[in-house]
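Below is one structure, written out as structure tokens; comments come after it.
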Amino acid sequence: MSDLEVQAELSDRAARSSQPGRPRRIGAAEGVAGVLALFLVVAAAWPQLLAPGDPLGIDPLSAFQPPTLAHGFGTDESGRDIYTRILHGTQYSLLIGAAATAIGLGLGIVLGTLAGMLGRVVDFTVNRFLEVLFAFPGLLLALLIIVIYGPGVVTATIAVGLSTAPGYARIIRAQLISVRSTAFVEAATVLGRTRWQILLRHILPNTLAPLFVLATLGIGQAIVWAATLSYLGLGAEPPTAEWGAMLSAGRTYITSAWWMSFFPGLFIVLTIVTATVLGRSIDRRMRHA
Amino acid sequence: MSMTEPAAALTVRNLRVGFRADPVVRGVSFEIARGECLAIVGESGSGKSVTARSLLGLAGANARVSADRLELAGRNVLGLTDRAWRARRGKDVGLVLQDALVSLDPLRPIGREIADSLRLHTTLGAAARARRVLELLDAVGLPDPARQVQKLSGQLSGGERQRALIAAAIALDPPLLIADEPTTALDVTVQAQILALLEQITRAGTAVLLISHDLAVVSRIADRVAVMHDGLLVETGSSRQVLGSPRREQTRRMVAAIPADKPRGTRLSLTLRAADAPSPPRVPIPSAVPPASTAVLEAIGLSRSFRRPDGSRHLAVDDVSFALQRGTTLGIVGESGSGKTTTARLLLALLAPERGEVRVFGEPWSAASEKTRRGLRPSVGAIYQDALGSFDPRWSVAEILTDALGLLQRRRAPLTTARLVTLLDEVGLAAAVLPRRPLELSGGQRQRVGIARALAARPEILICDEPVSSLDVSVQAQVLDLLDDLQRERGLSLIFISHDLGVVQHVSDEIAVMRAGCLVESGPAARVFAAPQHPYSMQLLAAVPRLSA
């Protein structure tokens, strides 16, 4: 084949491959999710920018006000502005979600890599340990940790992180084993690469790339769990403007003041949907890249 | 062929198929009479499969199909609704696809699969259907049909699956059978059997449309051959005429690409310049490397077994010995399951032999530790069948080759790029492929990148495991020529493993025939091909597709 021909074929193929199946344009759902994510990040980093009020400021005279122009999302039993509290609570949710996922993922990587790389004895041991962890429903495991170390935001984060770790470890181990036996790892061996070079340059990157997507989806899950713990009174303590705790406070008045539970719940849902949509869109893009 | 005879099983007049703005089939006309076999031959992307699918109304939802005439058994089928097509498929036209493993439902016994079309299109009762299925399986030559009907497709061999698929396609005795690459995935001996079966079906009065990229394969049974190129039929005629005295350049190129019976050193791929030449220049190029007596790679009594799921041992390679002489090619040929790939893995020391050893340049290779071996690894390169799978999917061609050159990717100096371009130039690729990932390249280009990677470390020995098996015949010709050139320029010693005896014959100085893990025959290629000693070698040789006059 002459160079000219090769080039022609090449550009032909490039033109074809860029047309179908490759999502270059941003869809409506992705666009909305992107804007929401930006809003949530700004709310977490600079809540004063979007809600200048004090999330803990009590004003008994304006308690239980339904949504009005002055209080967009209404007020709670102590007259605190729910909009202000929700925005100030964003940082807890996002931070807990990200930190818990990081803990779970980090632990998962360590356990999964040990199990996948270090031979049968280690694999067996790690697997039995993971199975014990799997035997507890995730939330129950988190509850156990909190019972031992006492409630609080930090404990809740660690608890959620630990209870998501076995899932990540399992996936990493499976992925590692399948990557380890691929033809390109063999090809690297044939080229004379050492085990460490192969692990660091081929196996780990190919194992972890798909996990990145999973982690994005995992943040959403971690946020729900953290909110659940707070709702049960085991995470953030009541006056703190945390969404789960606010939901819990609103529960008592759900028949008379629906807005107290509706808006925190809405934000939990929106955050998770945002994380999920973004995770899936990254996944699709990486698959077609 | 008479134009007006109504008995034509299929009439296609000016068929055009396009996807979006791309015309894939650009005005194709042909017809097939009953009892005739027409082969449409072309490279991948020539539009032959799309043509076949359009005849079944399966071109796809986004395809635009138009034609002046499109008649199955004398009845127009252009613009039929899906519902009307369903009534026709199976009854008026049957389809046999390349990969029977994918075409058959893995969870249903093949008897049920074959009975499906009988259930949908006839009023036969269950008992009558069961009888008909047995008849069909018997007709396609599946031994012991009564037992086979109960089997799942995964429990059958490739050839048996293909037979079952053909049985399903002819269940309703359709006037036309379309076979799209029906033998591409099969071993040569099985391929010969399936071709004989298709020929028998043709003789029984069915019109057969055979789609293939391999001229030699279709020449065995096709009455007429149509060569397709870029969405057009460039040449149509009797098999003898098209293969014997091809008129068009595309056809000549395909004929020249067939490796069987071409002496070693003959170029298979014709360059574009040869387009005007009256006949393809087939000059045997004398081997520049004199045969030396030094063995660079030796296998001494290699054995290796694997544990089957039920715990018993399967001896994949059994006491295999051979030696590769410097600057020559040793061809290892055998069918699937003969232990070829296990041998390749043993030679590459990716797998340790249970008995015997591999020596490289007289030094211990399989017996050495990986640490010692690593120093010698650059001298032993490998080329794989699945080139795509052998590249890290995250890496571009530039990254793959930079890594193979042993250079750090972070310091991509202009000097590195120059070396990459030189390397690509050696395998006939343009620098434009550097930023691309292998996924975006064609099969031939991928294999060239694979060869470039193997060459980067300046190896002396190259172990090629089915390097051209997944390529079109014409691309295969280019890759074989490239390997030949490189061997002469660099004095490479090659182990060439293939199931295709024609290819092995063309490239090898020495040949080793493997069967069920054992080496049944070995010796100089000319001797083995002229006078095979072992009955299995004779059987293999007889099955090689070649252009018979």
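When the range B:369-404 is filtered for residues that are more than 8 Å from every other protein chain (Cβ to nearest Cβ), of a type in the set (A, V, I, L, M, F, W, C), outside any helix (DSSP H, G or I) and closer than 18 Å to residue B:436 by Cα, the ones remaining, listed by number, are B:387, B:395. In this structure, residue B:442 does satisfy being among the polar types (S, T, N, Q), more than 20 Å from residue B:331 (Cα to Cα), within 12 Å of chain A (Cβ to nearest Cβ) and surrounded by fewer than 23 Cβ atoms within 10 Å (Cβ to Cβ). Residues in the range B:324-357 that are assigned to a loop (DSSP other than H, G, I, E, B), surrounded by fewer than 21 Cβ atoms within 10 Å (Cβ to Cβ) and within 14 Å of chain A (Cβ to nearest Cβ): B:350, B:351, B:352. Considering only residues in the range B:247-274 that are in a loop (DSSP other than H, G, I, E, B) and within 14 Å of chain A (Cβ to nearest Cβ), the one that is modelled with the lowest pLDDT turns out to be B:271.
Would you confirm whether any residue within the range A:182-189 is touching a strand residue (DSSP E or B) at 6+ places or on another chain (Cβ under 9 Å), within 14 Å of another protein chain (Cβ to nearest Cβ) and free of Cβ contacts under 8 Å to residues at least 60 places away in the same chain? Taking every residue of the range A:182-189 in turn, at least one turns out to be touching a strand residue (DSSP E or B) at 6+ places or on another chain (Cβ under 9 Å), within 14 Å of another protein chain (Cβ to nearest Cβ) and free of Cβ contacts under 8 Å to residues at least 60 places away in the same chain. Given the condition more than 22 Å from residue B:484 (Cα to Cα), crowded, with 23+ Cβ neighbours inside 10 Å and either touching an Asp or Glu at 6+ places or on another chain (Cβ under 7 Å) or facing chain A (nearest Cβ under 9 Å) (or both), answer yes or no: does some residue in the range B:445-464 qualify? For the range B:445-464, residues more than 22 Å from residue B:484 (Cα to Cα), crowded, with 23+ Cβ neighbours inside 10 Å and either touching an Asp or Glu at 6+ places or on another chain (Cβ under 7 Å) or facing chain A (nearest Cβ under 9 Å) (or both): absent. Taken as a whole, the structure places residue B:401 among residues that are buried (at least 21 other Cβ atoms within 10 Å of the Cβ), modelled with pLDDT of 90 or more and among the hydrophobic types (A, V, I, L, M, F, W, C). Look at residue B:476 and say whether it is within 14 Å of another protein chain (Cβ to nearest Cβ) and in contact with a Pro (Cβ under 7 Å, 6 or more places away or on another chain). No. For residues that are surrounded by fewer than 20 Cβ atoms within 10 Å (Cβ to Cβ) and within 18 Å of the chain's Cα centre (by Cα), tally how many sit in the range A:237-277. Number satisfying all stated conditions: 6. Criterion applied to B:79, B:35 was being in a loop (DSSP other than H, G, I, E, B), under 16 Å from residue B:224 (Cβ atoms) and not hydroxyl-bearing (Ser, Thr, Tyr), and the one residue passing it is B:35. Scanning the range A:138-157 for residues that are closer than 18 Å to residue A:245 by Cβ and β-branched (Val, Ile, Thr) yields a total of 5.
Examine the range B:14-29 for a residue that is touching a residue at least 12 places away in the same chain (Cβ under 8 Å), within 29 Å of the chain's Cα centre (by Cα) and part of a loop (DSSP other than H, G, I, E, B), and state whether such a residue exists.
no
Against the test of being part of a helix (DSSP H, G or I) and within 14 Å of residue A:221 (Cβ to Cβ), the options A:188, A:159 yield a single qualifying residue, A:159.
The values are calculated or read from the model by the stated rules, or taken from the named source; none is laboratory data. All values reported here derive from a predicted model rather than from experimental measurement. With ideal geometry, Cβ positions are generated from the backbone for all residues, glycine too; neighbour counts draw on all protein chains shown.
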